[in-house]
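The next block holds one structure in the form of structure tokens; read it before the comments.
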Amino acid sequence: SSFSSKISSSIKFLKKLLEKLKNSKGNGTSMISLIIPPGDQIGKINKMLSEEYSTASNIKSRVNRLSVLSAITSTQQRLKIYSKIPDNGLVLYCGTVLDANNKEKKVTYDIEPFKAINTSLYLCDNKFHTDALFSLFENEEKIGFIILDGKGALFGVLCGNKKEILNKITVDLPKKHGRGGQSAMRFSRLRVEKRYNFLKKVAEFASQHFIEENQKLSIKGLILAGSGEFKNELNSSEIFDPRLQENIIQIIDIAYGGEAGFNLAIEICSLKLNDLKFIKEKKILNLYFEEISKNSGKFVFGIEETLEALTSGAIDLLICWDNLRTRRLTLLNTKDEVILIKFFDSFEEENESFFQESNLFQNFEIKKNEPVIDWLIENRKKFGSKLYLISDKTPEGSQFVRGFGGLGGILRYSIETN
């Protein structure tokens, strides 16, 4: 399969990237944030950028003027990659930022959000504006709830620790026993009809509350709970949207409905919800461990070995611990201009003076010092690899970090690493 984890992994590195962009600072106002909602026209955006270019040509400070014009040109160039705006919109960050040593560095990022972004924005500033993208994460862990019993239904969502009731409906259903003057068959038929109409209404409200206008689910999973058989009838009913049916996490028996039932359902399924976050992570790592146990040769681990396999294009799925502290140093030999790449655990910028003084590498100058994880996020697409960031919160994750160094990959084919 093409890994259902694609979305959640893109969410993970988008979070990482946004944290990095949020903390980036620049001189003057040469950092461009451009957010284009779905459905907008490339031509219209290009026209706006051309107008901004003309306006920026009048900036008095020469240094700032050139930086802003350069950023606008880079934005226009990056936009040329796209023939139309992607389905969820497009976000571009472009400009000159200061690194930890206050050296200027040009950066350009084009981001296709994992869900539709309905904001329009163009700003030139001394920072990148990331709030609109951060707001997309609010629904990332949203779980839907339908609480059903013979008196009605409640629709709610849980996002983190915040719960919200979306809607409540009540119903007056006839009990099983008949009433005077009505034949048993007629009464039974009316009862079945009323129950069906109630379930139909619940199914319609479920689609209304949990499926967005673009036909995508607004929740990560669904919990059905309540007393009696209604929840099971809804689950097996043809009138219930199959997209919601496929995403049912748990069906819970509780003694009552309404708000009290909602609170109880949250309490009961909390363990299951915690597990849900790590299910995909476990699947990926189990695939990796499977290759190792088969001794297929289609796996790699260790920093240098994995990055060698990556640059040769052999890695299909790259797995990286989301807290990997290893840094990638680009060193220039001042004698013969040869570039050398070295990896250090937790080699922070403040160690650079020690690095120079202790003559670890004589005649070498540090050209770049960056976390390996940032380098992977920026460069993975060049090598045609999917990147999956994992935590060490599961037994599998902990084993991967402690036993395999927190970086490895599943290969397309078996290779020899040096």
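Structure summary
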read-out	value
Some residue of region 74-86 being among the aliphatic types (A, V, I, L, M), within 30 Å of Ile211 (Cβ to Cβ), open to solvent by less than 20 Å² (accessible area, probe 1.4 Å) and touching a residue at least 12 places away in the same chain (Cβ under 8 Å)	yes
Subset tally (residues that are assigned to a helix (DSSP H, G or I), closer than 19 Å to Asp345 by Cβ, open to solvent by less than 40 Å² (accessible area, probe 1.4 Å) and of a type outside the set (Gly, Ala, Ser)) for region 378-403	2
Failed criterion for Leu244 (all others in (1) open to solvent by less than 20 Å² (accessible area, probe 1.4 Å); (2) under 26 Å from Phe278 (Cβ atoms); (3) part of a strand (DSSP E or B) hold)	(3)
Condition check for Lys105: open to solvent by 40 Å² or more (accessible area, probe 1.4 Å) and either within 23 Å of Trp375 (Cα to Cα) or at pLDDT 85 or above (or both)	yes
Filter pass, Pro113 being surrounded by 14 or more Cβ atoms within 10 Å (Cβ to Cβ) and modelled with pLDDT under 85	yes
Neighbours by Cβ (under 9 Å, 6+ apart or cross-chain): first from region 279-296, closer than 14 Å to Phe404 by Cα; second crowded, with 18+ Cβ neighbours inside 10 Å and among the aliphatic types (A, V, I, L, M)	Leu285/Ile319; Leu285/Ile390; Tyr288/Leu317; Tyr288/Ile319; Tyr288/Ile410; Glu291/Ile410; Glu291/Leu411
Residue in region 249-258 that is most open to solvent (accessible area, probe 1.4 Å), counting only those that are in a strand (DSSP E or B) and closer than 21 Å to Ile169 by Cα	Asp253
Only one of Phe262, Phe205 that is open to solvent by less than 40 Å² (accessible area, probe 1.4 Å), within 18 Å of Ile169 (Cβ to Cβ), part of a helix (DSSP H, G or I) and of a type in the set (Phe, Trp, Tyr)	Phe262
Residue within region 266-279 that is open to solvent by 70 Å² or more (accessible area, probe 1.4 Å), modelled with pLDDT of 85 or more and more than 30 Å from Asp322 (Cβ to Cβ) present	no
Extreme residue, surrounded by the fewest Cβ atoms within 10 Å (Cβ to Cβ), among residues of region 281-316 that are touching a helix residue (DSSP H, G or I) at 6+ places or on another chain (Cβ under 7 Å) and in a strand (DSSP E or B)	Phe301
Selection from region 216-235 of residues that are under 26 Å from Leu136 (Cα atoms) and open to solvent by less than 10 Å² (accessible area, probe 1.4 Å)	Gly221, Leu222, Ile223, Leu224
Checklist (1) at pLDDT below 85; (2) part of a helix (DSSP H, G or I) applied to Asn418, failing item	(2)
Leading residue by the ranking (modelled with the lowest pLDDT) among those in region 136-189 that are assigned to a helix (DSSP H, G or I) and charged (D, E, K, R)	Glu138
Condition met for Thr55 (closer than 26 Å to Asp40 by Cα and buried (at least 16 other Cβ atoms within 10 Å of the Cβ))	no
Region 251-267 residues that are more than 16 Å from Ile143 (Cα to Cα), paired with ones that are assigned to a helix (DSSP H, G or I) and modelled with pLDDT of 90 or more (beta carbon under 9 Å, 6 or more apart)	Ile254/Ala260; Ile254/Gly261; Ile254/Leu264; Ile254/Ala265; Ala255/Gly261; Ala255/Leu264; Tyr256/Leu264
Checklist (1) charged (D, E, K, R); (2) in contact (Cβ under 8 Å) with a residue 40 or more places away in the chain; (3) open to solvent by 50 Å² or more (accessible area, probe 1.4 Å) applied to Asp125, failing item	(3)
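The values are calculated or read from the model by the stated rules, or taken from the named source; none is laboratory data. Computed from a predicted structure; not experimentally measured. A quick note on method: Cβ atoms are made from the backbone with ideal geometry, for glycine too, and the neighbour counts reach across all protein chains shown. Remember, those area values only see protein heavy atoms, side chains included, never the ligands or the DNA or RNA. Shrake-Rupley method; radii C 1.70, N 1.55, O 1.52, S 1.80 Å.
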